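The values are calculated or read from the model by the stated rules, or taken from the named source; none is laboratory data. Note that the coordinates shown come from a computational prediction; the quantities given were computed from them, not determined experimentally. Cβ coordinates were reconstructed from backbone atoms using ideal geometry, including for glycine residues, and neighbour counts include every protein chain displayed. Side chains included, ligands, DNA and RNA excluded: accessible areas come from the protein's heavy atoms. Shrake-Rupley method; radii C 1.70, N 1.55, O 1.52, S 1.80 Å.
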Amino acid sequence: HLHTLAFNSNDLPPYRDITPKQLEILITQTIFQTTGLQGLSILMDDVDEFSASTVIAWLMYTRETLRRLFYNVRTSPNVNILEICGRQKLETLALAHNSITGVEPNFQRFPCLKSLSLSHVSISALDLSLLLTACPKLESLELVNLEIAMSDAQVTVELSCPTLKSIYVEAISLDKFMLEADSIERLHLRDCALELFELIGIGTLKYFKIDDVSVIHLDIGETIDNLEVVDVSNFTIIWPKFYQMISRSSKLRKLRLWDVAFDDEDEVVDLETIAVCFPRLKHLALSYELRDGVMHYGLQGSSNLENVMVLELGWTVINDLFSHWVEELLKRCPNLRKMIIFGSVSEVKSHEECQILANFTSSIVQLMRKYMNVEVHFEFE
């Protein structure tokens with residue numbers, strides 16, 4: 001009656017002293033006692049290498065009933081998961097530290113697969129495209145630290161998946177990344193270096209997050225009226241172009257601009273712009289920055305953020321103006337329920353820095369006496 005088995009080298013401290021061969025026998029004995037396994041997870045980060053023939057035996061024995069496979073096993077030679085598990089009933093497939101070559105969409109087809117994750121996998125741009133073609137029902141895709149085989153001087157990945165709803169891309173360096181997805185709702189890029197990223201769709205995107213990404217040309221489509229969450233951090237931004245992309249997103253509920261550097265030093269984003277363009281905003285997160293006497297996310301205008309209920313504010317370098325900025329933001333959010341303040345505190349502080357921090361603490365205490373209905377949290381690093 002057992003439906004799920006998980007083997008993880010990190011969970012096996014008593015077995016650290018046994019050889020990979022002994023561990024193979026243990027896993028084999030366990031798997032072969034099941035008759036209808038639906039979920040199999042074999043994550044062997046700390047094991048040097050397994051026998052390919054043994055691993056193939058596990059997969060051949062379970063493939064007809066498997067719905068979920070999480071596979072991180074080093075073997076010699078490499079095991080072709082697509083060939084063994086294709087044309088079966090897999091709905092979730094997560095591969096790590098594996099290589100994929102010569103994808104045949106007609107033969108290695110995954111008719112039921114909805115979630116695909118590739119981590120530290122070696123694959124060519126063509127095979128990656130063909131693999132998505134072999135998954136006609138794919139909804140979720142994760143690509144982490146892929147080794148993209150180069151066919152020419154320029155590395156270009158072009159993917160098309162009409163059923164895709166969510167994509168997460170991390171630690172990938174490419175010249176061009178183009179994605180065509182008419183059902184896409186979630187897009188998250190993290191720790192990537194890209195010359196061009198282009199999303200081609202029909203305006204279904206709801207969640208857009210970009211964190212620590214270097215990209216020269218970013219295009220997430222003309223019709224993004226359905227955007228509900230925009231989360232940008234550790235990013236250099238050309239504000240007019242980016243603002244032009246998201247300004248029509250009147251349904252925006254969460255906006256996060258954190259540690260954002262502006263490409264043009266004269267660019268300033270003010271609260272008036274945010275308040276007018278995003279009237280449904282409920283969650284606002286801004287990191288304080290004062291450069292050359294100019295405050296980003298300035299207090300120009302008089303429009304209130306009527307629907308904002310959660311406010312996240314933070315600093316990298318604190319000064320006495322921060323308290324004033326926090327107070328003015330509180331005034332602009334009449335229906336606020338929760339405020340979280342993030343701060344960076346160095347190990348060695350001068351007397352002047354300590355005094356600024358003390359003044360800030362005192363001012364916040366006085367300020368919150370006026371806003372007794374607002375829940376306040378502090379997080380320091």
- Query: In the full protein assembly as shown, how much of E379 is accessible to a 1.4 Å probe, in Å² to the nearest 10?
  - Reply: 100 Å²
- State, to one decimal in nm, how far the label point of E104 lies from the label point of S247, with both points 7 Å from Cα in the Cβ direction. 5.4 nm
- Item | Contour excess over end-to-end distance, with Cα ends at L299 and V374 and 0.36 nm allotted per residue | 24.9 nm
- Query: Ignoring ligands, DNA and RNA, what accessible area per residue does the range 273-332 give at 1.4 Å, in Å²?
  - Reply: 42 Å²
- Most fluctuating residue of A171, A149, A193 in a GNM of the chain with Cα springs under 10 Å: which is it? A149
- Query: What is the sum of charges around F360, taking Lys and Arg as +1, Asp and Glu as -1, for the other residues whose C-beta is under 12 Å from the C-beta of F360?
  - Reply: -3
- Check cross-link reach from K21 to the aspartates and glutamates: straight Cα distance under 17 Å, and skip same-chain residues fewer than eight apart. D45, D46, D48, E49
- Is there a pair in K137/K282; K209/K331; K282/K331; K114/K282; K241/K338; K137/K254 whose C-alpha atoms are over 24 Å apart, and which pairs would that be? K137/K282; K209/K331; K114/K282; K241/K338; K137/K254
- Message: Given the -39500 (n - 2.57) contribution per DSSP H run of 4+ residues, what per-residue ellipticity at 222 nm results for the chain, rounded to the nearest 500 deg cm²/dmol?
- Response: -6500 deg cm²/dmol
- With the full set of protein chains in place, find how many percent of the accessible area of the chain is carbon and sulfur; take the probe as 1.4 Å. 49 percent
- Note on the structure: Env charge @ S76, Cβ radius under 15 Å, K,R +1 / D,E -1, value -1
- Message: Keeping all protein chains in place and using 1.4 angstrom, which order do D11, D17, D219, D231 fall into by accessible surface area, from largest down?
- Response: D17, D11, D219, D231
- Query: How much length is gained on full extension from D46 to E381, taking 0.36 nm per residue of separation minus their Cα-Cα distance?
  - Reply: 117.5 nm
- What does the convex hull of the alpha-carbon atoms of the chain project to on average, in nm²? 23.8 nm²
- Taking R0 as 45 Å and r as the Cβ-Cβ distance between V365 and I200, the FRET efficiency 1/(1 + (r/R0)^6), rounded to the nearest 0.05, comes to 0.30
- Tensor-based shape of the range 1-79 (alpha-carbon gyration tensor, a/c under 1.5 rounded, otherwise prolate or oblate): prolate
- To the nearest 0.05, the calculated FRET efficiency linking M178 and N226 through their beta-carbon distance, R0 being 30 Å, is 0.90
- Message: Compute a Gaussian network model of the chain, connecting alpha carbons closer than 10 Å, and tell me which residue from M44, M150, M339 fluctuates the most.
- Response: M150
- Quick one: if you stick a label point 7 Å off each Cα along the C-beta vector at K338 and N10, how many nm between them? 2.7 nm
- Task: Can you work out the accessible area per residue across the range 1-79, with the rest of the protein chains kept in place, probe 1.4 Å, in square angstrom?
- Result: 56 Å²
- Query: Ranked from the most accessible area to the least, with a 1.4 Å probe and all protein chains present, what is the order of F342, F242?
  - Reply: F342, F242
- Item | Whole-Å distance, taken between Cα centres, linking the range 1-45 and the range 141-214 | 34 Å
- Task: Could you pull out the trypsin sites (Lys or Arg not before Pro) across the range 349-381 that fall in loop regions by DSSP (anything but H, G, I, E, B) with no more than 16 other Cβ atoms inside 10 Å?
- Result: K349
- Which of the chymotrypsin sites (Phe, Trp or Tyr not before Pro) across the range 105-189 are loop residues per DSSP, with 14 or fewer other Cβ within 10 Å? F107
- Whole-number percent relative contact order across the range 264-380, with pairs defined as alpha carbons under 8 Å at least 6 apart: 24 percent
- Note on the structure: Relative contact order as a percentage, the range 1-79, C-alpha pairs under 8 Å and 6+ apart, gives 38 percent
- Run the numbers on the chain and let me know its relative contact order in percent, using alpha-carbon pairs under 8 Å that are six or more apart. 7 percent
